[in-house]
Amino acid sequence: MSEHSEPLPRAFRWFWAGEAVSGFGGWITLLALQALVVTHLQAGTTGTGLLSAARWLPYLLFGLLLGALIDRRARRPVMIATDLVRAVLLVLIPLTWWAGLLSLPVLLAIVFSFGAATLMNDSASQSFVPRLVPRAQLQGAHARIDGTNAVAETAGPATGGALLGLIGAPLAVLINAGTFLFSAAMVALTRVDEPARATNTHTHLRREIGEGLRWVYRTRALRHLAVWTHVWFAGQAALGAVLAVYLLTTMNLSYLWFGLVTAVAGVGALGGAMASLPLGRRLGTGRTVILAHSLSAAGMLTMLSAQYAGPAWAGIALLCVGQGLHGFAMGAGNSHEMAYRQAITPDGLQARTNTTMRSMNRAVIVLVAPLAGALAEWTDLNLVLGAAAVLFAVAAIGLWFSPFRAARIRPIDEPGD
């Protein structure tokens with residue numbers, strides 16, 4: 001039996017179930033928050049840019065510190081606690097709405113707090129996976145997570161689009177609050193022996209943060225991936241700042257079509273996740289990621305052309321093709337990036353490595369998203385969408401001319417980089 005055909009451990013399956021259900025709810029919330037900003041609060045692309053920045057600002061402010069702290073602790077209790085906190089924060093949105101207190105600053109404050117809890121949960125959960133599955137199964141495990149995320153990315157926006165019309169954006173987020181409670185229960189059922197922290201708990205935090213930074217940016221195997229991933233996130237930040245406004249105003253989609261077009265990215269991501277293993281075997285980790293970034297650039301150009309298609313159905317078709325290409329790219333590439341960096345990182349550095357990468361990536365979003373939103377207000381949405389395509393292409397070109405192009409996840413008995 002091959003390493004890829006071996007069943008994944010039961011502990012991973014409990015964890016996976018929680019991730020899948022909360023991921024479904026997360027896409028409903030994202031759609032609802034964008035609708036709140038664009039249609040209820042009338043904040044336009046500036047508001048959606050600020051929303052994206054508030055969501056990821058905690059990664060910039062606290063990410064490196066929390067990564068070091070979580071490397072000192074068992075990861076399962078952190079995941080349970082932060083799932084519960086996120087459920088409570090989401091309940092505040094309809095409560096403030098009912099009380100007549102919901103404004104853009106209030107929503108941004110809730111989203112900022114939600115982002116801080118998500119930062120802690122992400123840091124713990126991503127570092128938890130290598131404790132649940134053997135190294136040889138990491139890429140397969142992440143491909144399965146990506147596959148269920150893709151299903152959530154399809155079903156969540158489609159469901160969310162219907163819910164926005166039926167119960168409104170403020171109430172739609174309550175679905176996600178319930179999914180976080182389910183996720184907390186699943187993680188509580190996930191039993192695994194978590195090793196004691198290898199390093200002295202009295203070590204200065206600044207030194208530990210420095211160790212994580214040096215591992216990411218001085219390790220040949222990670223440095224190029226990290227830098228060009230930051231460029232990719234600049235493109236994603238530009239896209240996130242304007243996509244909802246582009247679909248709801250420029251393309252004049254209804255809530256239902258807004259949800260359905262957004263959901264097509266999930267269909268593409270599911271296809272990408274299913275194709276990630278054969279692509280990796282044929283092309284290797286590095287070339288698979290490069291191909292994925294190239295497809296994202298093509299997807300942006302396709303969506304940009306939709307406004308010139310003529311008949312409404314042709315524009316929607318082009319939007320779906322563009323969303324599908326971008327979704328496929330993320331589904332195909334993400335598991336390879338995650339598995340590669342986890343496979344070469346020692347357990348004692350896992351949380352710091354994951355959080356350093358995510359913090360720097362989200363710092364890019366915090367800086368770029370408001371600028372992209374403001375630029376779209378001052379100039380034109382098309383300029384920002386075109387810039388997203390260019391940034392995705394630059395990330396692909398940069399990785400092609402780096403040593404990462406030849407990267408592969410080696411079997412466990414082979415030496416690392």
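Between V88 and R223, what is 0.36 nm times their sequence separation minus the Cα-Cα distance? Round to one decimal in nm.
44.8 nm
Once you have a ≥ b ≥ c as the square roots of the Cα gyration tensor eigenvalues for the range 311-387, tell me rounded if a/c is under 1.5, and otherwise prolate or oblate according to whether a/b is larger than b/c.
Here the range 311-387 falls in the oblate category.
On a full-extension model of 0.36 nm per residue, what is the gain between R214 and A312, subtracting their alpha-carbon distance, rounded to one decimal in nm?
Computed gain between R214 and A312 is 30.1 nm.
Label points 7 Å out from Cα along the Cβ direction at R282 and T39: separation in nm?
Once both label points are built, they end up 4.1 nm from each other.
Can you tell me the FRET efficiency between V390 and D193 if r is taken as the Cβ-Cβ distance and R0 is 60 Å, rounded to the nearest 0.05?
Efficiency computed from Cβ-Cβ geometry: 0.80.
Please name which of V129, G398, A273 has its Cα lying farthest along the dipole of the range 10-406 towards the positive end, using unit charges on Cβ (Lys, Arg +1; Asp, Glu -1) and the Cα centre as origin.
V129
Could you list V78, V242 in order of exposure, starting from the residue whose Cβ has the fewest other Cβ atoms within 10 Å?
Least crowded to most crowded, the residues run V78, V242.
Charges only on Cβ, +1 for Lys and Arg, -1 for Asp and Glu: so what's the dipole of the chain about the Cα centre, in debye to the nearest 20?
Dipole of the chain, to the nearest 20 debye: 920 debye.
If the chain between F401 and L367 were fully stretched, how many nm would it gain, using 0.36 nm times the residue separation less the Cα-Cα distance?
Extra length available between F401 and L367 comes to 9.6 nm.
Farthest toward the dipole's positive end in the chain, which of L66, A221, W378, given Cβ charges of +1 (Lys, Arg) and -1 (Asp, Glu) about the Cα centre?
A221
With a ≥ b ≥ c the root eigenvalues of the C-alpha gyration tensor of the range 135-275, is it rounded (a/c under 1.5), prolate (a/b larger than b/c) or oblate?
Prolate, because a/c is 1.5 or more and a/b exceeds b/c.
Listing Y308, Y255, Y217, Y246 from the residue with the fewest other Cβ atoms within 10 Å to the one with the most, what is the order?
Y308, Y217, Y255, Y246
So for the range 10-406, taking the charge dipole from beta-carbon charges (+1 Lys/Arg, -1 Asp/Glu), which of L239, L104, L36 sits furthest toward the positive end?
L239
Cut-off is 10 Å between beta-carbons; in what order do H142, H204 appear when sorted fewest neighbours first?
H204, H142
Hey, got the dipole for the range 40-191? About the Cα centre, +1 on K and R Cβ, -1 on D and E Cβ, debye to the nearest 20?
Roughly 540 debye for the range 40-191.
What's the magnitude of the charge dipole for the range 260-417 around its Cα centre, counting Lys and Arg as +1 and Asp and Glu as -1 at the beta-carbon? Answer in Debye, nearest 20.
300
What are the DSSP H helices in the chain that stretch 15 Å or more along their long axis, judged by alpha-carbon atoms, and whose average Kyte-Doolittle hydropathy comes to at least 1.6?
Span-like helices in the chain: 169-189, 381-400.
Read-outs: derived from the displayed coordinates by stated rules, not from any lab. If you're wondering where the values come from, they're calculated on a predicted model, not measured in any experiment. Here Cβ is always computed from backbone atoms with ideal geometry, including for glycine, and neighbour counts include all displayed protein chains.
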